[in-house]
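The values are calculated or read from the model by the stated rules, or taken from the named source; none is laboratory data. If you're wondering where the values come from, they're calculated on a predicted model, not measured in any experiment. Using ideal geometry, Cβ is built from the backbone for each residue, glycine included, and neighbour counts are taken over all protein chains shown. Accessible surface areas use protein heavy atoms only, side chains included; no ligands, DNA or RNA. Shrake-Rupley method; radii C 1.70, N 1.55, O 1.52, S 1.80 Å.
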Amino acid sequence: MRKILLMLAALVAASCSSYNIENEDMKIIAHRGGALLGNENTLSAFRKGIEAGADMIELDVHLTADGAVVVCHDESVDRTTDGEGRIGDMTLSDFKSVHALDRETGEPTDETLPTLEEALDLIKGHADILLEIKRSGSGQYGGLERKVLDLVASKGMCGNVIIQSFDDCVLENVHLLAPDVRVEKLIVCRLFPGVCIDNGINSFSFEKYNFCASINSMGAFTSKRFVRDCHRAGKEVKIWTVNSPGRVVPGVDGVITNRPDLFRR
């Protein structure tokens with residue numbers, strides 16, 4: 001898989017040209033709160049994303065061993081905190097005992113990683129949320145979709161939270177449990193009609209994802225033709241993770257970026 005992605009990246013880099021933003025209604029989505037503005041997936045990063053004027057805050061969730069929904073990108077806390085361990089093996093107390101690393105210095109800060117409830121409370125009323133549900137490689141996350149939806153409903157935020165995932169089972173479960181909650185399909189790219197890369201190399205069709213409102217693809221591999229095809233099928237397109245306004249494919253409906261401040265300017 002890594003070799004395929006590297007080959008695709010090389011092809012894109014060789015032919016990449018700058019684009020102008022054509023869609024004035026394009027949503028600006030702060031990736032992990034704005035991962036080049038603060039320490040990713042922390043409350044302080046979410047505040048910075050809001051202050052930068054992001055329309056939405058993107059975040060990632062996992063499930064602890066004792067059933068708490070928590071915010072972190074990776075399955076483990078090793079990369080972004082001063083602790084170690086897989087989140088699925090940790091209790092909430094364990095998770096809250098580690099501290100986020102400073103993005104620039106790599107030194108521990110005083111800040112812990114948040115629960116989803118803490119994140120919802122902070123962001124509510126200031127921005128919408130693009131929430132990625134992760135699927136544990138060890139299969140430990142049974143019931144995560146239900147817990148996320150219950151939390152979102154308890155905060156009265158069903159109309160303000162979009163669920164996205166690479167995992168088709170996650171999307172199908174969310175749609176089955178809460179048909180009114182908007183879901184969006186994450187992909188790396190469409191290799192050619194009928195095939196895409198998401199978690200692996202899988203089939204792709206607009207009919208297969210008829211319940212998904214948007215197809216969210218990697219910006220470097222998103223073509224103007226793919227955007228046109230999605231729009232013709234009644235789907236929106238969000239691209240990730242694009243940090244320069246000059247690299248936005250014309251007509252996309254949203255850009256997921258580590259620098260929402262640049263796009264808002």
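Things to note:
- Of all residues in region 150-164, one or more are assigned to a helix (DSSP H, G or I) and in contact (Cβ under 8 Å) with a residue 60 or more places away in the chain.
- All positions within region 165-178 that are open to solvent by 10 Å² or more (accessible area, probe 1.4 Å) and either in a helix (DSSP H, G or I) or under 20 Å from residue 31 (Cα atoms) (or both): 166, 167, 168, 169, 172, 173, 175, 176, 177
- Selection from region 203-236 of residues that are over 16 Å from residue 132 (Cα atoms), hydrophobic (A, V, I, L, M, F, W, C) and under 21 Å from the mean Cα position of the chain (by Cα): 204, 206, 211, 220, 221, 226, 227, 230
- Residue within region 204-222 that is open to solvent by 20 Å² or more (accessible area, probe 1.4 Å) and modelled with pLDDT under 95 present: no
- Single unsatisfied condition, residue 212 versus (1) in contact with a Lys or Arg (Cβ under 6 Å, 6 or more places away or on another chain); (2) not in a loop (DSSP other than H, G, I, E, B): (2)
- Verdict on residue 181 being out of contact with any Leu (no Cβ under 9 Å at 6 or more places or on another chain) and either open to solvent by less than 60 Å² (accessible area, probe 1.4 Å) or not in a loop (DSSP other than H, G, I, E, B) (or both): no
- Only one entry of 24, 58, 40 meets the criterion of being of a type in the set (D, E, K, R), outside any strand (DSSP E or B) and open to solvent by less than 40 Å² (accessible area, probe 1.4 Å), and that entry is 40.
- Test result for residue 146, open to solvent by 40 Å² or more (accessible area, probe 1.4 Å) and part of a loop (DSSP other than H, G, I, E, B): no
- Applying the set (1) under 22 Å from residue 199 (Cβ atoms); (2) open to solvent by 60 Å² or more (accessible area, probe 1.4 Å); (3) without any contact (Cβ under 8 Å) to a residue 40 or more places away in the chain to residue 121 leaves exactly one unmet item: (1).
- For residue 77: the one exception among (1) among the aliphatic types (A, V, I, L, M); (2) open to solvent by less than 10 Å² (accessible area, probe 1.4 Å); (3) under 26 Å from residue 182 (Cβ atoms): (3)
- Flag if residue 113 is of a type outside the set (Lys, Arg), open to solvent by less than 10 Å² (accessible area, probe 1.4 Å), modelled with pLDDT of 95 or more and assigned to a loop (DSSP other than H, G, I, E, B): yes
- Which numbered condition residue 105 misses (of (1) touching a residue at least 60 places away in the same chain (Cβ under 8 Å); (2) of a type in the set (Val, Ile, Thr); (3) part of a loop (DSSP other than H, G, I, E, B)): (1)
- Residues of region 43-55 satisfying the condition of being among the hydrophobic types (A, V, I, L, M, F, W, C) and either part of a loop (DSSP other than H, G, I, E, B) or crowded, with 24+ Cβ neighbours inside 10 Å (or both): 45, 46, 52, 54
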